[in-house]
Amino acid sequence: MVGNAVINITKLIYSFTFISFYPKLIKAYKNYYKQTSNIMKDNKLFIFDFDGTLADTKYLLEKGAVDYSKENNMPMPDINAIAVGYSNPDNHDFGWGLVGDDQRYHMDKMFISITDKIVDGTYLPALFDYTKEMLRELHSRQHDIALCTAREKDACISTLRNHEILDMFKSFRTRDDVTKRNIKPKPHPDLLLEIIDEMKYNKEDVFMIGDTAVDIQIARNSGVKSIAVDWGYHNEERLRQENPDYYIRNFRELIGLIK
């Protein structure tokens, strides 16, 4: 009986020890997995902007700005100022005769109007050359793909689905996260850092691809590599001022970078 009692006490002590240690074990395993899983597989995470990077929305922005101005009895906008400064409206004059919060309010309303027309099929943004081929190449090599954009999620989902590439995107951070969750927008790093944490990548294995200065800035602020594209809203001179890690002139060059 004494022997059985000793065995039972030993089992009890072991059980308590295991129960108390188990959460620490799980936490240590999760941290190890996060640090090593993608290094071991040599995977990379490619995070794309939407407007001007994947989707050719410049003509929609111009049309949307004109239509919105007419519908609201406002002066015709400065299209060039909107194309250059839509992602940073506080530092640009869009020609509406408005400043500060008033200009941002109408910019937000205009964006929502364009989004609604994308979602209902009135507008269908085209993809830039080699976009599908590039995404399929990344996907075939088992790299992960995500989206970080100032565009509303519904418009992105609708466009990606219409072009039959939605299933390749693993994570999304959009304007909805800014307006509904109060996450700070680009160039603050919060949106990008959330994706990196969700996808369990180390920063050295992450690339941010975009067409504007704020895309390069959010990459730098997040501690990841940046790839600037020259076919979007900001020209080469403006993008070079931000010192991107890479500069490409078409998506075939991006495929070349990963081979």
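Is the stretch 58-119 rounded, prolate or oblate when judged by the Cα gyration tensor, a ≥ b ≥ c being the square roots of its eigenvalues, rounded requiring a/c under 1.5 and prolate requiring a/b larger than b/c?
rounded
Asp230's amide H: which non-local residues (gap 5+, or another chain) put their own amide H closer than 5 Å, with H modeled 1.01 Å from N in plane and none for Pro or chain starts?
Ile248
Can you list the HN-Hα couplings for the stretch 111-128, worked out from phi with the Karplus curve (6.51, -1.76, 1.60; θ = phi - 60°), rounded to whole Hz and with x for Gly and Pro?
So the J values, rounded to whole Hz, are 4, 4, 4, 5, 4, 4, 6, 5, 5, 7, x, 5, 10, 10, x, 7, 8, 6.
Provide the per-residue ³J(HN,Hα) series for the stretch 175-183, in order, calculated from phi with Karplus coefficients 6.51, -1.76, 1.60 and θ = phi - 60°, each as a whole number of Hz, with x at glycine and proline positions.
Values per residue, Gly and Pro as x: 4, 4, 5, 6, 7, 9, 10, 6, 7 Hz.
Subtract the Cα-Cα distance of Glu71 and Lys184 from 0.36 nm times their separation in residues, and report this length gain in nm to one decimal.
Computed gain between Glu71 and Lys184 is 37.7 nm.
Hey, can you grab everything whose amide H is under 5 Å from the amide H of Ser171? Only 5+ residues off in sequence or another chain; H modelled, so Pro and N-termini drop out.
Answer set, sorted by chain and number: Leu147.
Considering the zone a paramagnetic label at Arg252 would reach in this model (a point 7 Å from Cα along the Cα-to-Cβ line), which residues of the stretch 112-137 have amide N under 11 Å from it?
130
Computed from the coordinates by the stated procedures, all read-outs in this text should not be read as laboratory data. All values reported here derive from a predicted model rather than from experimental measurement. In this analysis, Cβ positions are derived from the backbone assuming ideal geometry, glycine residues included, and neighbour counts consider all displayed protein chains.
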